[in-house]
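Engineer: The structure that follows is given in the form of structure tokens.
The values are calculated or read from the model by the stated rules, or taken from the named source; none is laboratory data. On a predicted model such as this, the values are computed, not experimentally measured, just so you know. Every residue, glycine among them, receives a Cβ derived from its backbone with ideal geometry; neighbour counts consider all protein chains shown. Just so you know, the surface numbers come from the protein's heavy atoms only, side chains and all, with ligands and any DNA or RNA stripped out. Shrake-Rupley method; radii C 1.70, N 1.55, O 1.52, S 1.80 Å.
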Amino acid sequence: MTPLVDVPIAVLDPARFSGTVSAPLYDDFQHAAEQARKLLAGRVVWNINTTAHGGGVAEMLRSLLGYVRGAGIDARWEVITGDSEFFRVTKRIHNNLHGSAGDGGELGGAERAVYNAVLDTNADALRACVRANDVVIVHDPQTAGLIPAIRDIGARVIWRCHVGTDTPNDLVRRAWAFLLPDVVQADAVIFSHSAFAWKGIDEARIHIVAPSIDAFSPKNYELDADTVQLILGAARIVDGGRQGTPSFVRQDGSAARIDSRARIIDDVPIPSGVPVVTQVSRWDRLKDPVGVLQGFVDHVAPRHPTSHLALAGPDVAAVSDDPEGAEVLAEVTESRRGLAEAMRDRVHLLCLPMDDDEVNAVMVNALQRHATVAVQKSLAEGFGLTVAEAMWKGRPVVASRVGGIQDQIVDGVSGLLLDDPTDLRAFGDAVSELLDDPRRAAAMGDSAREQVRELFLGPRHLIQYVDLLNTLP
Ligand code: UDP
């Protein structure tokens, strides 16, 4: 049995962007698509990562590859298979690349053996399908070890790193040292943010490409206020809201009914009609859900007695490449249970169903639209798709000045940036500022949406990919 799992990609029409992005950008996009079709005739563009569900990379590949296919290019998506030991090691590398110790374990010979064993098996499977001159884009530390095998096949290989830190420490350098012998063999290396670029990689091969969101997917497409309330009511996220049976439109154009509900810790839904501060994230310490909770409780809730906090993330049992998810959810649950009862009822921990990606996505969409203020108080962040998602929905965002988030928000114009994400008072002040001044918040939301339109949708992103392909040997 091959360890590679083929992920189906729905074909999406790139012409949708006409009228959504500016005319000059759309023209450049069409020109880039034309170039790509010529350049890639008879070749396959492979994308390889570790999960088809949950997290930013899967989210981005699903839509981006759909438009690439829609442009007439043979794009494919494969997910590698690994065991729990492999994911323990790669999560450690991931955390180290963010400057954090993670589980505190080593990255030595034993870890190298675990890493190589899984990737060797996956490389064998790649040899059976990838051909010379194909383009293979391998994503994140989990797949970097495939680079030498892909080179041997004679394909072009691009390593795309979605994580990083602005200020590398010894842990970061240790993770670089682990991956570098493989990474230097790639034809090109992509980082999401300029400060993430590693020392030791030929600068000519380094490209900075920010991710993007899909304006037309169930995660981000327009939902009117009524539909938002119906969805959140049906999911039992908001109590006492509109009753009814919501349906939504899938990527393939078909209609679907929402039958599943969110699992809410201790079963306390958000009352309707209250201001809500919302963070949507995987349950990950670097997203600091416990800090968000504490910052809200100490510095927002007392000043805004009707406000509530919603922390939403995937129902963790479903996300197989993220062993820490359940632990982090348990930590936040404990923090919440330690609160006085009146405060506890204002803090909502929402586990969104993962059995249907599009149902999950439309719930995130409704939650982000329902947010009075969206927050992303990450301690480190590769890019932070959730920031662009909330901005596209015209929400005012408070987020940490870390990683790719700082490329998205112009502080004071299209959102508020926190210089020190651990400063809970500053976090509370920023959120309060927006809750206190709805007009300013709305103006920030409007400017946020315009920012995303030109910079963080598919056209800008795909044009950069074509520019990069033009540089390959
Ligand atoms: N997300 C989701 N359901 C959830 C939690 C998160 O679909 O329950 C999505 C979120 O909307 C975003 C992605 O997962 O599209 C997270 O990407 P981001 O870049 O913010 O962080 P990452 O998870 O890659 O660190």
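Engineer: Given the criterion more than 20 Å from the chain's Cα centre (by Cα) and at negative phi, identify the matching residue among 331, 324, 358, 381.
Structural biologist: Values: 324 fails: more than 20 Å from the chain's Cα centre (by Cα); 358 fails: more than 20 Å from the chain's Cα centre (by Cα); 381 fails: more than 20 Å from the chain's Cα centre (by Cα).
So the residue among 331, 324, 358, 381 that is more than 20 Å from the chain's Cα centre (by Cα) and at negative phi is 331.
Engineer: Give the residue, chosen from 195, 234, 215, that is of a type outside the set (Val, Ile, Thr) and within 30 Å of residue 173 (Cβ to Cβ). Can you show your working first?
Structural biologist: Values: 234 fails: within 30 Å of residue 173 (Cβ to Cβ); 215 fails: within 30 Å of residue 173 (Cβ to Cβ).
Result: 195 is the single residue among 195, 234, 215 that is of a type outside the set (Val, Ile, Thr) and within 30 Å of residue 173 (Cβ to Cβ).
Engineer: Another one. When you go through (1) open to solvent by less than 20 Å² (accessible area, probe 1.4 Å); (2) part of a loop (DSSP other than H, G, I, E, B); (3) of a type in the set (A, V, I, L, M, F, W, C) one by one for residue 274, which number turns out not to apply?
Structural biologist: (1)
Engineer: Would you please name the residue that is farthest from the ligand (Cβ to nearest atom), looking only at residues in the stretch 74-84 that are open to solvent by less than 20 Å² (accessible area, probe 1.4 Å) and among the β-branched types (Val, Ile, Thr)? Reasoning before the result, please.
Structural biologist: Taking the stretch 74-84 as the starting set, the residues that turn out to be open to solvent by less than 20 Å² (accessible area, probe 1.4 Å) are 75, 77-80.
From what's left, among the β-branched types (Val, Ile, Thr): 79-80.
On the way: 79: 15, 80: 17 Å.
Here the residue is 80.
Engineer: Quick check on this structure: which one of 378, 432, 447, 414 is within 16 Å of the ligand (Cβ to nearest atom) and out of contact with any Phe, Trp or Tyr (no Cβ under 6 Å at 6 or more places or on another chain)?
Structural biologist: Working: 432 fails: within 16 Å of the ligand (Cβ to nearest atom); 447 fails: within 16 Å of the ligand (Cβ to nearest atom); 414 fails: within 16 Å of the ligand (Cβ to nearest atom).
Only one candidate qualifies: 378.
Engineer: Another question, if that's okay. List the pairs whose first member sits in the stretch 101-119 and is more than 18 Å from residue 146 (Cα to Cα), whose second member is modelled with pLDDT under 95 and part of a helix (DSSP H, G or I), and whose Cβ atoms are under 6 Å apart, counting only residues at least 6 apart or on separate chains?
Structural biologist: 102/95
Engineer: If a residue must be closer than 30 Å to residue 284 by Cα and open to solvent by less than 70 Å² (accessible area, probe 1.4 Å), how many such residues does the stretch 13-66 contain? Spell out how you get there, then give the answer.
Structural biologist: Residues of the stretch 13-66 closer than 30 Å to residue 284 by Cα: 46-66.
Narrowing the set further to residues that are open to solvent by less than 70 Å² (accessible area, probe 1.4 Å) leaves 46-52, 54-61, 63-66.
Qualifying residue count for the region: 19.
Engineer: Could you check how many residues of the stretch 113-127 are over 13 Å from residue 78 (Cα atoms) and small (Gly, Ala, Ser)?
Structural biologist: Here the count works out to 2.
Engineer: Tell me, which residue of the stretch 328-361 that is buried (at least 21 other Cβ atoms within 10 Å of the Cβ) and either of a type in the set (D, E, K, R) or more than 13 Å from residue 313 (Cα to Cα) (or both) is nearest to the ligand (Cβ to nearest atom)?
Structural biologist: Among them, the one singled out is 359.
Engineer: Any idea which of 39, 25, 4, 64 is more than 16 Å from the ligand (Cβ to nearest atom), closer than 22 Å to residue 449 by Cα and touching a helix residue (DSSP H, G or I) at 6+ places or on another chain (Cβ under 8 Å)? Spell out how you get there, then give the answer.
Structural biologist: On the way: 39 fails: closer than 22 Å to residue 449 by Cα; 4 fails: closer than 22 Å to residue 449 by Cα; 64 fails: more than 16 Å from the ligand (Cβ to nearest atom).
Just one listed residue meets the conditions, 25.
Engineer: Hey, can you tell me all the residues within the stretch 43-60 that are touching a residue at least 40 places away in the same chain (Cβ under 8 Å) and not β-branched (Val, Ile, Thr)? Steps first, answer last, please.
Structural biologist: Of the residues in the stretch 43-60, the ones touching a residue at least 40 places away in the same chain (Cβ under 8 Å) are 43-57, 59-60.
Within the stretch 43-60, 43, 46, 47, 49, 52, 53, 54, 55, 56, 59, 60 qualify.
Engineer: If you take the residues in the stretch 394-408 that are surrounded by fewer than 24 Cβ atoms within 10 Å (Cβ to Cβ) and at negative phi, which one is farthest from the ligand (Cβ to nearest atom)?
Structural biologist: The extreme case among them is 401.
Engineer: If you go through the stretch 431-447 one residue at a time, do you hit one that is under 20 Å from the mean Cα position of the chain (by Cα) and part of a loop (DSSP other than H, G, I, E, B)?
Structural biologist: no
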